[in-house]
Amino acid sequence: MTDKTIDDAVQFYTTFHNAPKAVLNLLHSVIAIGMLAFVAKLHKWDESAMFFDGSSVGVFVFAIMLYTTVVIPGIRTVAIPLEQETREDQVEALRVLAAGNTLIVVCLGLVLALQAGQEWARRKEERLRAEIEAEEQRRR
């Protein structure tokens with residue numbers, strides 16, 4: 001990482017840290033809406049919900065845990081370092097932030113893949129049921 005890249009990252013995270021509360025409230029609202037949507041989908045408990053939605057909830061909760069345990073403390077370290085923290089500590093915090101953000105993106109991509117897989121499985125099941133019903137109609 002170059003010094004310019006580090007300075008840009010520090011400026012970005014400092015701006016994010018110092019953003020108005022409305023920005024953070026919006027981000028946290030989106031997280032809460034996502035969690036509520038999964039809980040609402042789990043209300044209809046069947047095999048599809050157990051495998052796809054249950055796994056999606058687990059991955060989504062893991063992403064939230066990464067956000068709260070890695071990203072938030074890392075942003076604080078970068079934006080308002082303590083007196084004993086050096087530039088190397090900020091650079092290390094930026095590396096940890098980058099890794100945490102990458103894992104969060106992978107988790108959210110996995111959630112999307114699981115939800116797409118659930119829809120594909122639902123459509124495939126409907127198609128097979130229609131074919132079976134058509135076959136039964138022909139036999140009669």
Query raised in the report: in a helix (DSSP H, G or I), surrounded by 15 or more Cβ atoms within 10 Å (Cβ to Cβ) and among the hydrophobic types (A, V, I, L, M, F, W, C), is that true of Val105?
Result: no
Report task. Filter the range 102-140 down to residues that are farther than 30 Å from Met35 by Cβ and among the acidic types (Asp, Glu), then give me how many there are. Result -> 4
**Report entry** Checklist (1) open to solvent by less than 50 Å² (accessible area, probe 1.4 Å); (2) among the small types (Gly, Ala, Ser); (3) under 30 Å from His17 (Cα atoms) applied to Ala99, failing item
**Finding:** (1)
Query raised in the report: If only one of Ala79, Ala63, Ala113, Ala93 is hydrophobic (A, V, I, L, M, F, W, C), surrounded by fewer than 16 Cβ atoms within 10 Å (Cβ to Cβ) and either at negative phi or at pLDDT 95 or above (or both), which one is it?
Result: Ala113
Requested in this report: Could you please let me know if Ala99 is among the small types (Gly, Ala, Ser), modelled with pLDDT under 95 and either part of a helix (DSSP H, G or I) or closer than 30 Å to Gly34 by Cβ (or both)?
Outcome: no
Requested in this report: Just need a number here: residues in the range 116-126 that are touching a residue at least 24 places away in the same chain (Cβ under 8 Å) and either open to solvent by 80 Å² or more (accessible area, probe 1.4 Å) or not in a helix (DSSP H, G or I) (or both).
Outcome: 1
Query raised in the report: Applying the selection to the range 9-54, what residues are open to solvent by less than 70 Å² (accessible area, probe 1.4 Å), without any contact (Cβ under 8 Å) to a residue 40 or more places away in the chain, more than 22 Å from Gly109 (Cβ to Cβ) and not aliphatic (A, V, I, L, M)?
Result: Asp46
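This table checks each residue for (1) under 21 Å from the mean Cα position of the chain (by Cα); (2) under 30 Å from Glu125 (Cβ atoms).
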position	(1), (2)
Asp8	no, no
Ser29	yes, no
Leu42	yes, yes
Ala49	yes, yes
Phe52	yes, yes
Val61	yes, yes
Ile72	yes, no
Thr77	no, no
Pro81	no, no
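The values are calculated or read from the model by the stated rules, or taken from the named source; none is laboratory data. The model shown is predicted, which means the values in this text are computed figures rather than measured ones. Note that we place each Cβ from the backbone using ideal geometry, even for glycine, and neighbour counts take in every protein chain shown. What goes into the accessible areas is simple: the full protein's heavy atoms, side chains included, and nothing from ligands, DNA or RNA. Shrake-Rupley method; radii C 1.70, N 1.55, O 1.52, S 1.80 Å.
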